[in-house]
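What follows is one structure encoded as structure tokens, with my remarks underneath.
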Amino acid sequence: MSNWAIRHILLAIFTFGAIIYIVAPLAIVVLNSFSSVAYSVFPPPGFSLRWYANLFEQSAFGVAALRSVLLATLATALALVIGTMASYALVRHRPRGGELIKGLLMSPIVLPKIVLGVALFMFFVRIGLINTQISLLLAHTLVILPYVIAMLTAALMNFDWSLVEAASDLGARPLRSFRKVVLPQISTSMTIAAIFAWITSFDQVESTIFLVRAGTTTLPIEMFLYLQKWQDPTIAALSTLLILFAILLLLGLDAMMRRKRLTLEILNRGQ
Amino acid sequence: MAERRRWGVPLLLLAPGLALLIAMFIAPLMAFMEYSFYRFRRGRLTADYNLDTYRRFLTDEYYHVIILDTLKVATLVTLIALAIGYPLAYAMWKINRPGLQRWLGLLIFSPILVSVVVRSYGWTVLLSDQGPVNWALRGLGLTDEPVTLVFNLTGVLIALAHVFLPFVVFPIFSSMTRLDPSLREAASDLGAGWWMTFRRVTLPLTLPGVVAGAQICFVLSLGAFVTPAMLGGGRVLVLPLQVYSATSEINWPVAAVGGLVLLIAALLAVLGFNRLLRYSEVR
């Protein structure tokens with residue numbers, strides 16, 4: 001066999017192993033959710049649906065899930081509005097000190113989430129506004145705003161501004177030319193930013209764990225706290241539903257990437 | 001861009017973002033800083049400002065161990081994620097069927113779509129004494145006794161590298177796609193073998209991607225809370241866990257100074273990696 005073939009076989013074996021590493025913790029959760037026993041043992045001695053039955057009896061998870069969905073949706077909408085306004089101002093008007101302002105708006109990304117969570121907790125205790133839904137919403141919005149601004153300033157940078165000038169020469173008001181000319185061009189970036197922002201908001205634990213109280217928790221925090229006390233596969237059943245949801249999202253992303261001919265570059269959100 | 005540099009409209013557009021930043025970021029951080037100077041005695045916080053907590057962090061061995069462990073975990077996780085992530089990005093780059101490449105990319109990305117609590121829970125099941133990994137090890141005759149893989153440092157490292165793997169793969173992959181193919185052709189025309197071409201052309205030119213991925217992975221690992229809490233079993237005490245428990249025990253000065261140390265470590269890491277990035281791009 002040639003060196004070339006050996007190299008590619010080794011690379012294929014490695015990739016296969018890496019895929020197992022990536023998928024295994026999710027696959028085992030799905031398997032475990034159908035286990036017939038409360039303790040985790042492999043292979044499971046039998047299969048049952050009792051953990052799903054148990055899950056649907058615990059209304060706390062349902063309420064928390066609903067709250068998380070609502071919170072993520074509202075925070076995403078708010079961050080998109082605030083983020084679009086800020087990105088437009090930064091790219092279109094290039095105000096003095098714009099780089100500094102952008103840096104400031106991006107800075108929450110560097111802050112470890114637990115530090116943000118504790119700082120928010122101390123601050124809200126101090127001013128007596130602890131345990132309000134609005135503080136939770138604003139905290140989520142702050143966390144996801146940098147992602148929106150990063151994505152939208154990049155999209156607006158590539159935008160051909162002479163189109164806006166043409167529109168205003170033809171008599172379009174600023175808001176109308178934004179809606180008719182700018183918005184259609186950045187809508188893909190906005191969609192991707194919205195998906196990432198929603199997922200990030202839905203997965204907040206440390207930034208808000210001190211801001212919620214029993215009975216008003218979000219889903220990941222409810223799960224985290226449940227797992228501190230219990231280790232039965234009820235969480236596996238719930239996780240399986242969340243994995244199913246993630247697979248649907250993945251199929252949606254795939255369809256969007258194919259239709260809009262997007263490269264894998266869009267998954268690189270660290271930039 | 002014929003627009004003049006005037007304030008007014010831009011300020012109006014930036015106002016909501018800046019207001020959010022001040023109310024939910026700057027003001028809380030200032031309150032946080034203030035509590036670092038408070039005194040905590042017999043379960044009570046008092047506002048007589050002092051530097052005792054800072055002094056304790058500088059002199060007490062207990063805190064030094066926590067800080068060093070935090071840095072150790074972040075370093076090891078970054079190295080593991082790079083060791084898995086680089087070949088994986090390379091494989092993804094080498095696949096020349098767009099559909100297959102897109103699906104491998106989405107597969108690598110997919111764990112991000114699932115809550116980190118679910119992923120960490122999956123690892124506790126996978127690595128437990130009666131779990132599949134130990135079952136496989138026994139089946140292969142590699143061990144008789146179950147190997148303790150969870151509720152210790154090993155479990156935390158395996159799971160954290162998994163959580164941050166996508167953040168390493170994509171910057172590296174993106175630096176590979178920017179590579180000029182003619183450079184590698186030139187190298188092989190000049191008689192360089194695969195290894196020589198990789199070592200002298202591909203690796204140096206993808207180093208910026210490696211550094212960018214390492215930066216994200218390292219900084220995120222420093223602040224990781226859920227995974228060490230669930231897989232450390234109380235044996236892996238890193239700064240985020242220490243900050244969490246100090247806050248729960250109303251020992252806010254310790255929580256604040258611990259958080260400040262974490263914040264400074266994250267900032268230094270960002271700056272350090274930025275320098276490295278510039279250096280790797282120049283070469």
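The values are calculated or read from the model by the stated rules, or taken from the named source; none is laboratory data. If you're wondering where the values come from, they're calculated on a predicted model, not measured in any experiment. Virtual Cβ from ideal backbone geometry, glycine too; neighbours counted across all protein chains shown.
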Item to check | Identity of the residue in segment A:11-51, assigned to a helix (DSSP H, G or I), among the hydrophobic types (A, V, I, L, M, F, W, C) and in contact (Cβ under 8 Å) with a residue 40 or more places away in the chain, that ends up nearest to B:I158 (Cα to Cα) | outcome: A:L26
Next on the checklist: With the requirement that a residue be more than 15 Å from the chain's Cα centre (by Cα) and part of a helix (DSSP H, G or I), what does segment A:229-250 give you?
Outcome noted: A:K229, A:T234, A:I235, A:A236, A:A237, A:L238, A:S239, A:T240, A:L241, A:L244
Next on the checklist: Could you check segment A:92-141 and list, in sequence order, the residues that are of a type in the set (G, A, S) and more than 7 Å from every other protein chain (Cβ to nearest Cβ)?
Outcome noted: A:G97, A:G98, A:G103, A:S107, A:G117, A:G128, A:S135
Next on the checklist: Please determine whether any residue of segment A:184-203 is more than 13 Å from chain B (Cβ to nearest Cβ), free of Cβ contacts under 8 Å to residues at least 24 places away in the same chain and either more than 14 Å from the chain's Cα centre (by Cα) or surrounded by 20 or more Cβ atoms within 10 Å (Cβ to Cβ) (or both).
Outcome noted: yes
Next on the checklist: Quick check on segment B:131-142. Is at least one of its residues buried (at least 23 other Cβ atoms within 10 Å of the Cβ) and in a helix (DSSP H, G or I)?
Outcome noted: no
Checklist entry - Can you tell me which residues in segment B:64-111 are among the small types (G, A, S) and surrounded by fewer than 17 Cβ atoms within 10 Å (Cβ to Cβ)? => result B:A83, B:G99
Checklist entry - Of the residues in segment B:241-253, how many are in a helix (DSSP H, G or I) and without any contact (Cβ under 8 Å) to a residue 24 or more places away in the chain? => result 7
Checklist entry - Conditions: (1) touching a Leu at 6+ places or on another chain (Cβ under 9 Å); (2) modelled with pLDDT under 95; (3) basic (K, R). B:K72 meets all but one. Number of the miss? => result (2)
Checklist outcome for this item: Note on segment B:246-283: residues of a type in the set (S, T, Y) and more than 10 Å from chain A (Cβ to nearest Cβ) are B:Y279, B:S280
Checklist outcome for this item: Across segment B:112-130, the tally of residues that are surrounded by fewer than 18 Cβ atoms within 10 Å (Cβ to Cβ) and touching a Gly at 6+ places or on another chain (Cβ under 7 Å) stands at 0
Item to check | Residue within segment B:237-248 that is buried (at least 18 other Cβ atoms within 10 Å of the Cβ), at pLDDT 90 or above and farther than 22 Å from B:N152 by Cα present | outcome: yes
Checklist entry - In segment A:91-108, which residues are closer than 24 Å to B:P28 by Cβ and part of a helix (DSSP H, G or I)? => result A:L100, A:I101, A:K102, A:G103, A:L104, A:L105, A:M106, A:S107, A:P108
Item to check | Qualifying positions in segment B:1-18 - at pLDDT 85 or above and surrounded by fewer than 12 Cβ atoms within 10 Å (Cβ to Cβ) | outcome: B:L12
Checklist entry - When only residues in segment A:27-46 that are hydrophobic (A, V, I, L, M, F, W, C) and modelled with pLDDT under 90 count, which is surrounded by the most Cβ atoms within 10 Å (Cβ to Cβ)? => result A:F42
Checklist outcome for this item: Residues in segment A:226-257 that are in contact with a strand residue (DSSP E or B) (Cβ under 8 Å, 6 or more places away or on another chain) and either within 8 Å of chain B (Cβ to nearest Cβ) or surrounded by fewer than 19 Cβ atoms within 10 Å (Cβ to Cβ) (or both) total 1
Next on the checklist: Of everything in segment B:199-210, what is more than 10 Å from chain A (Cβ to nearest Cβ) and crowded, with 24+ Cβ neighbours inside 10 Å? Give them in sequence order.
Outcome noted: B:T206
Item to check | Subset of segment B:158-175 that is of a type in the set (G, A, S) and farther than 13 Å from B:T206 by Cβ - its residue that is surrounded by the most Cβ atoms within 10 Å (Cβ to Cβ) | outcome: B:A159
Next on the checklist: Given the criterion in contact with a Gly (Cβ under 8 Å, 6 or more places away or on another chain) and over 30 Å from A:R126 (Cβ atoms), identify the matching residue among B:A266, B:A187, B:A212, B:A192.
Outcome noted: B:A212
Next on the checklist: Go through (1) within 30 Å of A:Q133 (Cα to Cα); (2) modelled with pLDDT of 90 or more for A:A24 and report which single condition fails.
Outcome noted: (1)
Checklist outcome for this item: When segment A:207-228 is checked residue by residue, the ones that are without any contact (Cβ under 8 Å) to a residue 60 or more places away in the chain, part of a helix (DSSP H, G or I) and more than 19 Å from A:S35 (Cβ to Cβ) are A:F224, A:L225, A:Q228
Next on the checklist: If a residue must be away from chain B (no Cβ under 11 Å) and touching a Ser or Thr at 6+ places or on another chain (Cβ under 7 Å), how many such residues does segment A:212-225 contain?
Outcome noted: 1
Next on the checklist: Residues that are in contact (Cβ under 8 Å) with a residue 60 or more places away in the chain, among the β-branched types (V, I, T) and more than 7 Å from chain A (Cβ to nearest Cβ): does segment B:102-125 have at least one?
Outcome noted: yes
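For (1) at the interface with another protein chain (Cβ under 9 Å from one of its Cβ atoms); (2) polar (S, T, N, Q), each residue gets a yes or a no:
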{"position": "B:L11", "(1), (2)": "yes, no"}
{"position": "B:L18", "(1), (2)": "yes, no"}
{"position": "B:S36", "(1), (2)": "no, yes"}
{"position": "B:T53", "(1), (2)": "no, yes"}
{"position": "B:I67", "(1), (2)": "no, no"}
{"position": "B:A74", "(1), (2)": "no, no"}
{"position": "B:I80", "(1), (2)": "no, no"}
